[in-house]
Amino acid sequence: TDAGRKHFNVIRKLTIVGAHNNDAVKRAITCEGCKGFFRRTAQRHLTYTCKGVEKCAINKQTRNICQRCRFLKCKAAGMSTD
């Protein structure tokens, strides 16, 4: 049905940068880019700093500008290092 497809597409909508994918990774719906970014950050024990006040806009176009805010948004979306 149209309602079922619409619901599925909403669920697939990425919560971090607005891309589409159907991967549920580390308890969050994410795209391959954010999945890899979060995995590398966790595996390498990387830490980032924000040049602002940790409230940078993170979307598909700006996701590479502030890694600290991107990482915080991943965590807020439910991604976990455990």
Revision key, fill the gap. So the FRET efficiency between T62 and R40, C-beta based with R0 = 30 Å and rounded to 0.05, is 0.95
Check your understanding: Hey, got the dipole for the range 23-82? About the Cα centre, +1 on K and R Cβ, -1 on D and E Cβ, debye to the nearest 20?
Key -> 120
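Rule-based calculations on the coordinates, nothing more; no lab input. Owing to the predicted nature of the structure, the values given are computational and were not obtained by experimental measurement. No Cβ is skipped: glycine too gets one built from the backbone with ideal geometry, and neighbour counts run over all protein chains shown.
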